[in-house]
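Visitor: Encoded as structure tokens, here's the structure I'll be asking about.
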Amino acid sequence: SYLPSQTPSGLKDLREQDLASLRGDGVPDGPRKKHDRIYDYDVYNDLGDPDKKPELARPVLGTKEFPYPRRCKTGRHRTKSDPLSESRSSGVYVPRDEAFSELKNVTFSAKTVYSLMHAVLPSIRTSMIDKELAFPHFKSIDSLFNKGLHLPQLESKGFIGNTLPRLLKFVEDTQRNVLLFETPATLHRDKFGWLKDAEFCRQTLAGLNPCGIQLVKEWPLKSKLDPEVYGPAESAITKEMVEQVIGGLIPLEQAIEQKKLFIIDYHDLLMPYVNKVREIKDMRTTLYGSRLLMFLTPSGTLRPVAIELVRPPGNGKPQWKQAFTPSWDSTGAWLWKLAKMHFLAHDTGIHQLVSHWLRTHCCTEPYIIATNRQLSAMHPIYRLLHPHFRYTMEINALARESLINCGGIIEACFSPGKYSIEMSSVAYGLLWRFDQEALPADLISRGMAEEDPHSPHGLKLTIEDYPYANDGLVLWDAIKGWVTNYVTYYYPDPNLVTSDNELQSWWTEIRTLGHADKKDEPWWPTLETPQDLIKILTTMIWVTSGHHAAVNFGQYDYGGYVPGRATIARVTMPCEDPTEERWENFKENPELELMATFPSQLQASQIMSVLDVLSTHSPDEEYIGQKMEPSYEAEPKIKTAYEVFAGRLKELEETIDRRNADPSLKNRHGVGIPPYQLLKPFSKPGVTGMGVPNSISI
């Protein structure tokens, strides 16, 4: 590895030429070919398909109105009906160095995702006559795990049967294929866990989306949106209501002062889309602005205080809002159950669109493009980052082709429908900051931690038993230690950072081109010292490894059972402007109301198939700290530093096992609770609910 200034004279020109060819200098515009290895930026203008149908047009993401990170440029021609949109094609260009290796191609990701999208899901769709058909009762949901779903048109032998053995079973006596789902870990341990308030709250700290919870710092709760457009800003959750739930323990003011009240607040993000989503014609869906308020009990667990659901004014109706609380009468208890289902559908959507897709897959792609365009393959920082960028561009290209595109799985199965990815752009504009993607800064910004030199990791957690943060901070520190040793070896003198022209161009390009819509933000870190570089690199590596693993590999275990975490709520609350007939039906058969709220049978079986595949580790998965790169081995000090890093990760495995066995940690240990293992570094292949790969490769 050589810094630019230390390159042997005979390699200097070659180093420059190689970077120029990767940037595509002098190559005319036009569709990129499979054998090209050109990295360049473009906006997300290829998710719609206006030439196929006008209603499949989608706005360009990466503009003033819809800010977004950049993707890799493919150079495809523009659509006939919209000169701003790029035409779609089967197979999306990625530079050839980014394509899956032969082994990965044959054994796993690309083929699995591809066969799922192009064979299994179409087969599910044709086997169901009524696309909107609800599950009639709970037994019909359970039958997906014991009887399965017949897929008559599918050829199971050979290619597809080999790539999806966990999902597809061939039944000899009927000569038919059955899509049969494994029982998710949460359901296996506790069939009724999905109904319990304790589990509902526990998952905000140790579930699939542990990065939404925030400390309540001020009261009353208020929206920042324009009351002229969205109606009164005050929340329907009142002081009296809160004290009724927690009253025996502590008054409200004291609860805030003692940091006992927590919130997940999607109100302002979702409200602008409520009326738009309700006007969607080709799918049954609905939406509310929502927030969940929780109280930290003396035992260190959370209990729910209230869920608020809000509809803005529109269509001649005023604003509607109601706060629901855990109730001790039958009507109130059923409304509380339904309010939880609505909130969970919102949380599942934000998890998939923001915590997962946006913050890991989408925001990382510009780092990869800049690294290849500006850092030579012999640059030590290129070599440090390279393992953490493996296969991400390929998996993102597959997502644009089949998952996040118009009419794709996300639009078809999540509450916001065709506005789903657009909403992730709004979240990027409102919420995303590079400096707060670092785990410690993220926890501090949400009020979940404060700096404290006497606490482990220099942070005092507001909720001591917060499994995502507890395990995540150990992993963060291990990564930071490794990066610190690596950077200080190659940059012993601060001047080497400022004078490294490749490094400076790389950081400038990430800010001004890769995340161009945020280029003028004041929070971007400067890159002047080795300390600055350590912080930037640790953040990138954390996002591609720890953060992604925490929000990805538990998807099937936590989301594979529809009632536990539905992706969509399809009907409004029965108490929102109810007709007499609907209210009577609700009173007579509340279970039917619940079934109507859940995803349709088609949506559920498609989502379960996708979550199963996304939660799977491939046989050739490369886990963090597992494999030393040849360039590390070549330098004795780097080799030793990497061995220390690998040792710390093995210690983390033991620490996590010990924590999961500790009865005092009630958010990760208890009857019916699956252990929190998402940040355990290593795993076997398959759906295991553990394992932190180096990179975002699924």
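The values are calculated or read from the model by the stated rules, or taken from the named source; none is laboratory data. Just so you know, these numbers come straight off a predicted model, no measurement behind them. We place every Cβ from the backbone using ideal geometry, glycine too, and count neighbours over all the protein chains shown. What goes into the accessible areas is simple: the full protein's heavy atoms, side chains included, and nothing from ligands, DNA or RNA. Shrake-Rupley method; radii C 1.70, N 1.55, O 1.52, S 1.80 Å.
Visitor: Considering only protein heavy atoms and a 1.4 Å probe, what is the carbon-and-sulfur percentage of the accessible area of the chain?
Guide: In the chain, the share of accessible area belonging to carbon and sulfur is 53 percent.
Visitor: Taking chymotrypsin sites (Phe, Trp or Tyr not before Pro) as candidate sites, keep only those in a DSSP loop with at most 16 other Cβ atoms within 10 Å, then name the longest stretch of the chain containing none of them. Kindly include the intermediate steps, with their values, before the conclusion.
Guide: Details: sites that count: 2, 192, 328, 523.
Free of exposed loop sites, the longest segment is 329-522.
Visitor: Still on this model: With every protein chain present, what is the per residue accessible area of the chain (1.4 Å probe, Å²)? Display every interim value, and only then the final one.
Guide: On the way: 27950 Å² over 698 residues.
So the chain comes to 40 Å² accessible per residue, rounded to a whole number.
Visitor: Among the listed pairs 196/222; 131/321; 64/518, which are separated by more than 20 Å between their Cα atoms?
Guide: Working: 196/222 28 Å; 131/321 31 Å; 64/518 10 Å.
With Cα atoms farther than 20 Å apart: 196/222; 131/321.
Visitor: Please work out whether the stretch 249-373 counts as rounded, prolate or oblate from its C-alpha gyration tensor, where a ≥ b ≥ c are the square roots of the eigenvalues and a/c under 1.5 means rounded, while otherwise a/b larger than b/c means prolate and anything else oblate?
Guide: It is oblate, given that a/c is not under 1.5 and a/b is not larger than b/c.
Visitor: Using a Cα-Cα cut-off of under 20 Å, which lysines could be cross-linked to residue 627, ignoring same-chain neighbours fewer than 8 residues away?
Guide: Counting by Cα, and skipping residues close in sequence, residue 627 has these lysines nearby: 104, 480, 637, 639, 650, 680, 684.
Visitor: What is the chain's relative contact order, in percent, from Cα pairs under 8 angstrom and six or more apart in sequence?
Guide: Across the chain, relative contact order equals 19 percent.
Visitor: Hey, another quick one. Which net charge results for the neighbourhood of residue 5, defined as the other residues with beta-carbon distances under 12 angstrom from its beta-carbon, given Lys and Arg at +1 and Asp and Glu at -1?
Guide: Value of the local net charge: -1.
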